[in-house]
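Asker: The structure that follows is given in the form of structure tokens.
The values are calculated or read from the model by the stated rules, or taken from the named source; none is laboratory data. Remember, predicted model here, so these are calculated numbers, not experimental data. Glycine gets a Cβ as well: all are built from the backbone with ideal geometry, and neighbour counts include every protein chain shown.
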């Protein structure tokens, strides 16, 4: 985290911890509920899927409104309220003896939709040149929490049970509150809205952007497939006589290997400016992995190889999609683009649970993997219209601007600078959003225009 000052380092670590604790609580249920939920009243494969994905529906619906509330009432307050709601949902699930009760608890967990608010707070307390580093730390922590949840969930549930897992989740939310109260720095400024938060008035126009829409559909399908697979994968491991406490023996090594295997895809895509090709290749890998998981389900070695391939493709797409959103988003509208993207991700988790549950209940394993594979292949065809994004760097800079006339004058002067490809100056935000060729761009010249009296 070189280049970050003490406040930015504290913000990166503490907010990543809050995000990670919360996501750990959400994810730990995925590898165990299909097995340990069988003792709940009303258990069925359909209800397993609904319970696993229920948080996604409320997350998707409330992500943007919670971000807007944080603009008005303050970031920390909304984050604390979200963690309280998450804690309540965890306790509702913990003390439920029916799958319906657990589903309600999971839906309440999702109502604490604070992802956008955490990212907005991270933006508020960081300088524009260091904002991507802080966001990267938070993103890595989310990925780590997913990996840890798949490993510790099956181990812990054996000793503390499903109810104990939900109680632990409520404890993690309380720990997150302490981090917010005593470690997370207070915002001394507010990042411009267009850089970090969604503007509802722009959503309709954003959905008409073909490149962004392809990515929104992509993250929807990716998390739909992930959730539907985890409706049945724990049961498949039981069929291989692998006790639930030993499921980490598959999850841990496959996840670790997949992290290493995805690195070449990232490097090749970046160095050769072929992100589109690597993106579409990873979709074929994902489809192949789904077919292999079904075909090789009776062989631990075969399943092991198939799951490595699945996680390699999943991790690459999970890492590259947000980067592509940032590259394709118009200047000054990244917050809206990311808001739609995040909502699509959570909607995918919700519908993935339903798809997995319905297909398994009525068609068995072949239904789950056939439907998932079909959607990934459809996604591959839909991605054919995707273009390689230009390698441009984005800047969000303060602007000494008071009216639209001076804003237009600034834009004209900025576009004359070497390396500036796109410039937007927003009077209300007192900010300029630039996309530039970093090799040709001089930051000092841009600031000279923006801060001139």
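Asker: Quick one: in the stretch 321-354, of everything that is within 23 Å of residue 277 (Cα to Cα) and part of a loop (DSSP other than H, G, I, E, B), which residue is modelled with the lowest pLDDT?
Answerer: Applying the filter and picking the extreme gives 330.
Asker: Is it the case, given these coordinates, that residue 322 is without any contact (Cβ under 8 Å) to a residue 24 or more places away in the chain and more than 30 Å from residue 155 (Cα to Cα)? Give the steps one after another, and end with the answer.
Answerer: On the way: without any contact (Cβ under 8 Å) to a residue 24 or more places away in the chain: no; more than 30 Å from residue 155 (Cα to Cα): yes.
No: the conditions fail for residue 322.
Asker: Hey, could you check the stretch 44-100 for residues that are surrounded by fewer than 17 Cβ atoms within 10 Å (Cβ to Cβ) and touching a strand residue (DSSP E or B) at 6+ places or on another chain (Cβ under 9 Å) and say which is nearest to residue 121 (Cα to Cα)?
Answerer: 100
Asker: If you don't mind, there's one more thing I want to ask. Return the pairs, sorted by first residue and then second, in which the second residue is in a helix (DSSP H, G or I) and surrounded by fewer than 17 Cβ atoms within 10 Å (Cβ to Cβ), the first residue lies in the stretch 60-75 and is not assigned by TED's automatic domain parsing to the domain that holds residue 349, the beta carbons are less than 7 Å apart, and the residues are 6+ apart or on different chains.
Answerer: Every condition considered, the pairs that remain are 64/200.
Asker: Which numbered condition in (1) touching a helix residue (DSSP H, G or I) at 6+ places or on another chain (Cβ under 7 Å); (2) surrounded by fewer than 22 Cβ atoms within 10 Å (Cβ to Cβ); (3) part of a helix (DSSP H, G or I); (4) in contact (Cβ under 8 Å) with a residue 12 or more places away in the chain is the only one that residue 276 fails?
Answerer: (1)
Matching residues to (1) over 24 Å from residue 156 (Cα atoms); (2) modelled with pLDDT under 90:
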{"position": "12", "(1), (2)": "yes, yes"}
{"position": "26", "(1), (2)": "no, yes"}
{"position": "41", "(1), (2)": "no, no"}
{"position": "50", "(1), (2)": "no, no"}
{"position": "66", "(1), (2)": "yes, yes"}
{"position": "82", "(1), (2)": "yes, no"}
{"position": "91", "(1), (2)": "no, no"}
{"position": "104", "(1), (2)": "no, no"}
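Asker: A further question on this structure: Hey, can you tell me all the residues within the stretch 412-426 that are buried (at least 16 other Cβ atoms within 10 Å of the Cβ) and either touching a helix residue (DSSP H, G or I) at 6+ places or on another chain (Cβ under 7 Å) or closer than 17 Å to residue 333 by Cα (or both)? I'd like the intermediate steps shown before the answer.
Answerer: Within the stretch 412-426, the subset buried (at least 16 other Cβ atoms within 10 Å of the Cβ) is 413-414, 417, 419-420, 422-426.
Once the filter is applied, which keeps residues that are buried (at least 16 other Cβ atoms within 10 Å of the Cβ) and either touching a helix residue (DSSP H, G or I) at 6+ places or on another chain (Cβ under 7 Å) or closer than 17 Å to residue 333 by Cα (or both), the stretch 412-426 yields 413, 414, 417, 420, 422, 423, 424, 425, 426.
Asker: Take the conditions modelled with pLDDT under 90, surrounded by fewer than 18 Cβ atoms within 10 Å (Cβ to Cβ) and over 21 Å from the mean Cα position of the chain (by Cα) and apply them to residue 263. Does it pass? Write out each step before concluding.
Answerer: Numbers: modelled with pLDDT under 90: yes; surrounded by fewer than 18 Cβ atoms within 10 Å (Cβ to Cβ): yes; over 21 Å from the mean Cα position of the chain (by Cα): no.
Criteria not met by residue 263.
Asker: For residue 316, which of the numbered conditions (1) in contact (Cβ under 8 Å) with a residue 60 or more places away in the chain; (2) within 20 Å of the chain's Cα centre (by Cα); (3) crowded, with 22+ Cβ neighbours inside 10 Å fails to hold?
Answerer: Looking at each condition in turn, residue 316 falls short on (1).
Asker: Taking the residues in the stretch 127-136 that are within 16 Å of the chain's Cα centre (by Cα) and surrounded by fewer than 18 Cβ atoms within 10 Å (Cβ to Cβ) as candidates, determine which candidate is nearest to residue 314 (Cα to Cα).
Answerer: The residue in question is 136.
Asker: With (1) crowded, with 24+ Cβ neighbours inside 10 Å; (2) part of a helix (DSSP H, G or I) as the list, and residue 113 as the residue in question, which single condition is left unmet?
Answerer: The one condition residue 113 does not meet is (2).
Asker: Given the residues 407, 438, 432, which is the only one that is touching a strand residue (DSSP E or B) at 6+ places or on another chain (Cβ under 6 Å), within 22 Å of residue 123 (Cβ to Cβ) and in a loop (DSSP other than H, G, I, E, B)?
Answerer: Working: 407 fails: in a loop (DSSP other than H, G, I, E, B); 432 fails: in a loop (DSSP other than H, G, I, E, B).
Just one listed residue meets the conditions, 438.
Asker: Moving on to the next point. Kindly indicate which of 52, 79, 13, 29 is within 18 Å of the chain's Cα centre (by Cα), in contact (Cβ under 8 Å) with a residue 60 or more places away in the chain and either outside any helix (DSSP H, G or I) or outside the structural domain of residue 141 (by TED's automatic domain parsing) (or both). Reasoning before the result, please.
Answerer: On the way: 52 fails: either outside any helix (DSSP H, G or I) or outside the structural domain of residue 141 (by TED's automatic domain parsing) (or both); 79 fails: either outside any helix (DSSP H, G or I) or outside the structural domain of residue 141 (by TED's automatic domain parsing) (or both); 13 fails: either outside any helix (DSSP H, G or I) or outside the structural domain of residue 141 (by TED's automatic domain parsing) (or both).
Being within 18 Å of the chain's Cα centre (by Cα), in contact (Cβ under 8 Å) with a residue 60 or more places away in the chain and either outside any helix (DSSP H, G or I) or outside the structural domain of residue 141 (by TED's automatic domain parsing) (or both) holds for just one of 52, 79, 13, 29, which is 29.
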